[in-house]
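A.B. asks: Below: one structure in structure tokens.
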Amino acid sequence: VLGRTPDPAMLEELEAALLTADLGVRVVDRLMTHVREHARGADAANSEALQNVLSRTLYDVLAPVQGASLEQLIEKGPKPFVVLMVGVNGVGKTTTIAKIAQRLVQGGRRPLLVAGDTFRAAAIDQLQVWADRVGVDVIRHRHGADPAAVAFDGIVAAKARAADVVLIDTAGRLHTKSNLMEELRKILRVIGQALPGAPHEILLVLDATVGQNALAQARQFKEVVGVTGLVLTKLDGTARGGIVVAIADELKLPVRLIGVGEAVEDLQDFNQEAFIAALFGQPAARS
Amino acid sequence: MLDALSDKFEKILKKLRGQGVLTEHNIGEALKEVRLALLEADVNFKIVKDFIERVRVKAVGQEVLQSLTPGHQVVKVVWDELCDMMGREKAGLALHSQPPTVVMMVGLQGAGKTTTCGKLGRLFKGQGKRVLLVAADPRRPAAGDQLSSLGRDLGIDVHRVDNAQATQADVVRICQAGVERGREQGFDLVVLDTGGRLHIDDALMGELVAVKTAVAPHEVLLVADAMTGQDAVTMATQFDQKVGLTGVILTKVEGDARGGAVLSIRAVTGKPIKFLGVGEKLDALEVFHPDRMASRILGM
Ligand SMILES: Nc1nc2c(ncn2[C@@H]2O[C@H](COP(=O)(O)OP(=O)(O)OP(=O)(O)O)[C@@H](O)[C@H]2O)c(=O)[nH]1
Ligand SMILES: Nc1nc2c(ncn2[C@@H]2O[C@H](COP(=O)(O)OP(=O)(O)OP(=O)(O)O)[C@@H](O)[C@H]2O)c(=O)[nH]1
Ligand SMILES: [K+]
Ligand SMILES: [Mg+2]
Ligand SMILES: [Mg+2]
């Protein structure tokens, strides 16, 4: 069987799995070329072996995505540790803040939330409801107020109250809107004025349901605000979030957390192996 | 955009000008480019495969005309096929002669349902119609407040039950009461803002079915994000099969997503695309134009 090439039907099946998972046609073509080159001999006749070749390659590509967990960063970081959440509309920023807060509270920490989305209808109320449920405070201004000013007050309050983590919500914005991206830059500047060195972590929230556009989002948010980590939400659905592979490949950003539901406990650390398994259709782990 | 595509094909096909017919062989490269464009636009890969097959069958054997360049000729076949797939029926929403027209919004979490309720409300209010928005999402924190706030800004009535009291069990009752109020108080349009849910969540999908059975809406509109990837097919199929859709509204279209998901959704549901959401503000609603969307999806 030496020199045997893989069965086209088996290759097609693997290719279909990867495309369905939103890895994107360019990444998939590259991966499939790799498999064709590396799966020879006995491996070529066995679809499980082919998948293993692919999984190993994906593992390498995803290496930079498996970084320190948020808790580890907070552990090592200064106090208060300031986290800024950014992302396009409706991806799960506000909900993820609630989930993180819950985890921190359970870990014995004192997070403070900052209602930096002063634009969307009832965004402040939404954060407040979550905060009440989790049992943490929110620094809020009025609807329509300057988000940078809220962020500033949030950090001042955190210092005064000895909160150890500040979680700052921001309004959803498309990465293509330069005025809104500029607004984020201003928020960033003001945070740095309130506390030199802050924010210590800038999390870009990506929705697993989103396809190829997520790469453009990651590029632009990284360029404008210097994103330091990703959160991949809505992995409890049937979307696999495979675009993260292309993002890892190009931007080397770690995925800090994944969202697997709407409830406050539906937050997990990113796990490379589980993620890769899910790309091939094995159901994602639920908490 | 279409010109860019034609130019690209022109380079690939320029040898063909005025000689012979389009063959499997000589249009292969061009079709590869089309495949790439569609996949990068997030059109579902199975739909892309079928699409390329149909284009191939239509193009192969066509004589290369003197009047058209071969590149244009392939683009025309691709283009016509895309527009056919996207649907040529009239978009928008027609109110029924017997008021109120009842519209139910459904979709995944964060797609833009609540905001789009506000946009529809604004559109019809502007046409002199009386609109009632119904807050039927007791699950998402402050979803009712969000709708109320939009209603307040627009001067449109919002039917809601006190936040603290409403539970999931009340959703059907809330919708029934909203539609009843719409009828009694002479509203022209009643829009039900249901909560976001996953298409695989049987309990929550069952709730939509129960609402639909109880109030018999004229329209069940799937609100879907223009950035949606390959999952659009599964999502739309399941919403259509489980609840039954009458149309689709695509949101967040003003960004740079190529929006191929719309082709997938259209292909698997066969339901018309009624509107496009093109911004966060409440006036950012447009009627769907298949030809513009085709250019966007192909944009190279
Ligand atoms: N299924 C599922 N839904 C989620 C997840 N995370 C958030 N959601 C839901 O997604 C919707 C949007 O979440 P938000 O937290 O409001 O998103 P956001 O990014 O703050 O939205 P904007 O502030 O409007 O840009 C809500 O219905 C959430 O319940 C998740 O991991 N899985
Ligand atoms: N850029 C842009 N944002 C939009 C558009 N439509 C809605 N949004 C935003 O998308 C986010 C989610 O919108 P919602 O209306 O809350 O979505 P939803 O489907 O009701 O969300 P759930 O009720 O949580 O399922 C908000 O930030 C909206 O402002 C649009 O056309 N363009
Ligand atoms: K995806
Ligand atoms: Mg938010
Ligand atoms: Mg809503």
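The values are calculated or read from the model by the stated rules, or taken from the named source; none is laboratory data. Please read these numbers as outputs of a predicted model, since none were measured by experiment. No Cβ is skipped: glycine too gets one built from the backbone with ideal geometry, and neighbour counts run over all protein chains shown. Surface areas here come from the heavy atoms of the whole protein model, side chains and all, with no ligands, DNA or RNA. Shrake-Rupley method; radii C 1.70, N 1.55, O 1.52, S 1.80 Å.
A.B. asks: So if I check each of B:LEU245, B:LEU222, which one is over 25 Å from B:SER295 (Cβ atoms) and either within 16 Å of ligand 3 (Cβ to nearest atom) or not in a helix (DSSP H, G or I) (or both)?
C.D. replies: Values: B:LEU222 fails: over 25 Å from B:SER295 (Cβ atoms).
Among B:LEU245, B:LEU222, only B:LEU245 is over 25 Å from B:SER295 (Cβ atoms) and either within 16 Å of ligand 3 (Cβ to nearest atom) or not in a helix (DSSP H, G or I) (or both).
A.B. asks: In this structure, is B:ALA59 touching a residue at least 40 places away in the same chain (Cβ under 8 Å) and either within 14 Å of chain A (Cβ to nearest Cβ) or not aromatic (Phe, Trp, Tyr) (or both)? First the steps, then the outcome.
C.D. replies: On the way: touching a residue at least 40 places away in the same chain (Cβ under 8 Å): no; either within 14 Å of chain A (Cβ to nearest Cβ) or not aromatic (Phe, Trp, Tyr) (or both): yes.
No, not satisfied.
A.B. asks: How many of the residues making up segment A:240-265 are part of a loop (DSSP other than H, G, I, E, B), out of contact with any strand residue (DSSP E or B) (no Cβ under 8 Å at 6 or more places or on another chain) and of a type in the set (A, V, I, L, M, F, W, C)? Even if it seems obvious, please write down each step before you answer.
C.D. replies: Applying the first criterion (part of a loop (DSSP other than H, G, I, E, B)) to segment A:240-265 yields A:240-242, A:252-254, A:260-265.
From what's left, out of contact with any strand residue (DSSP E or B) (no Cβ under 8 Å at 6 or more places or on another chain): A:240, A:242, A:252, A:261-265.
Next, only the ones that are of a type in the set (A, V, I, L, M, F, W, C) stay: A:263-264.
Result for segment A:240-265: 2.
A.B. asks: When segment B:267-287 is examined, which residues are found to be open to solvent by 30 Å² or more (accessible area, probe 1.4 Å), of a type outside the set (A, V, I, L, M) and away from every other protein chain (no Cβ under 14 Å)?
C.D. replies: Answer for segment B:267-287, where residues must be open to solvent by 30 Å² or more (accessible area, probe 1.4 Å), of a type outside the set (A, V, I, L, M) and away from every other protein chain (no Cβ under 14 Å): B:GLY270, B:LYS271, B:ASP283, B:GLU286.
A.B. asks: In addition: Can you confirm whether segment B:95-104 contains a residue that is within 14 Å of chain A (Cβ to nearest Cβ) and open to solvent by less than 20 Å² (accessible area, probe 1.4 Å)?
C.D. replies: Of segment B:95-104, the ones within 14 Å of chain A (Cβ to nearest Cβ) are none.
No: segment B:95-104 contains no residue that is within 14 Å of chain A (Cβ to nearest Cβ) and open to solvent by less than 20 Å² (accessible area, probe 1.4 Å).
A.B. asks: Answer with yes or no whether A:ALA63 is buried (at least 17 other Cβ atoms within 10 Å of the Cβ) and closer than 23 Å to A:GLY281 by Cα. Explain how you work it out, then say what you get.
C.D. replies: On the way: buried (at least 17 other Cβ atoms within 10 Å of the Cβ): no; closer than 23 Å to A:GLY281 by Cα: yes.
No: the conditions fail for A:ALA63.
A.B. asks: Right, next: Within segment B:141-178, track down each residue that is within 13 Å of another protein chain (Cβ to nearest Cβ) and surrounded by fewer than 18 Cβ atoms within 10 Å (Cβ to Cβ).
C.D. replies: The answer is B:ARG152, B:ASP153, B:ASN163, B:ALA164, B:GLN168.
A.B. asks: So for segment B:124-131 (the condition being away from ligand 1 (no atom under 16 Å from the Cβ), charged (D, E, K, R), within 21 Å of the chain's Cα centre (by Cα) and farther than 18 Å from A:GLN126 by Cα), does at least one residue qualify?
C.D. replies: Of all residues in segment B:124-131, those away from ligand 1 (no atom under 16 Å from the Cβ) come to B:124-131.
Now narrow it down to the ones that are charged (D, E, K, R): B:125, B:129-130.
Keeping just the survivors that are within 21 Å of the chain's Cα centre (by Cα) gives none.
Within segment B:124-131 (the criterion being away from ligand 1 (no atom under 16 Å from the Cβ), charged (D, E, K, R), within 21 Å of the chain's Cα centre (by Cα) and farther than 18 Å from A:GLN126 by Cα), the answer is no, since none of the residues qualifies.
A.B. asks: Anything in segment B:207-242 that is open to solvent by 30 Å² or more (accessible area, probe 1.4 Å), facing chain A (nearest Cβ under 9 Å) and hydroxyl-bearing (Ser, Thr, Tyr)? List them, or say none.
C.D. replies: Selection gives B:THR234 alone.
A.B. asks: Would you confirm, using the coordinates I've provided, whether A:ALA98 is within 13 Å of another protein chain (Cβ to nearest Cβ) and either under 22 Å from A:LEU195 (Cβ atoms) or without any contact (Cβ under 8 Å) to a residue 24 or more places away in the chain (or both)?
C.D. replies: The answer is no for A:ALA98.
A.B. asks: Does segment A:215-223 contain any residue that is away from ligand 3 (no atom under 13 Å from the Cβ), surrounded by 21 or more Cβ atoms within 10 Å (Cβ to Cβ) and away from chain B (no Cβ under 14 Å)?
C.D. replies: No, the conditions are met nowhere in segment A:215-223.
A.B. asks: Taking segment A:184-212 as the search range and keeping residues that are open to solvent by 10 Å² or more (accessible area, probe 1.4 Å) and within 14 Å of another protein chain (Cβ to nearest Cβ), which one is farthest from A:ILE100 (Cα to Cα)?
C.D. replies: This residue is A:GLN212.
A.B. asks: Then there is this: Just the residues that are within 24 Å of A:VAL260 (Cα to Cα) and crowded, with 21+ Cβ neighbours inside 10 Å, please, taken from segment B:185-206.
C.D. replies: Going through segment B:185-206, the residues within 24 Å of A:VAL260 (Cα to Cα) turn out to be B:193-206.
B:ASP193, B:THR194, B:GLY195, B:GLY196, B:ARG197, B:HIS199, listed by residue number.
A.B. asks: I'm told A:ASP236 meets every condition in (1) open to solvent by 50 Å² or more (accessible area, probe 1.4 Å); (2) within 14 Å of another protein chain (Cβ to nearest Cβ); (3) of a type in the set (D, E, K, R) except one. Can you identify the failing condition by its number?
C.D. replies: The number of the failed condition is (1).
A.B. asks: Where in segment B:1-118 are there helices (runs of 4 or more DSSP H), lying wholly inside it, with at least 2 residues that are modelled with pLDDT under 90 and over 30 Å from B:VAL223 (Cβ atoms)?
C.D. replies: B:2-13, B:28-40, B:70-86
A.B. asks: Checking the structure you have, find out if any residue of segment A:115-124 is on the phi > 0 side of the Ramachandran plot and within 16 Å of ligand 5 (Cβ to nearest atom).
C.D. replies: Initially, segment A:115-124 is screened for residues on the phi > 0 side of the Ramachandran plot, giving A:122.
Those still in the list that are within 16 Å of ligand 5 (Cβ to nearest atom) too: A:122.
Within segment A:115-124, one or more residues are on the phi > 0 side of the Ramachandran plot and within 16 Å of ligand 5 (Cβ to nearest atom).
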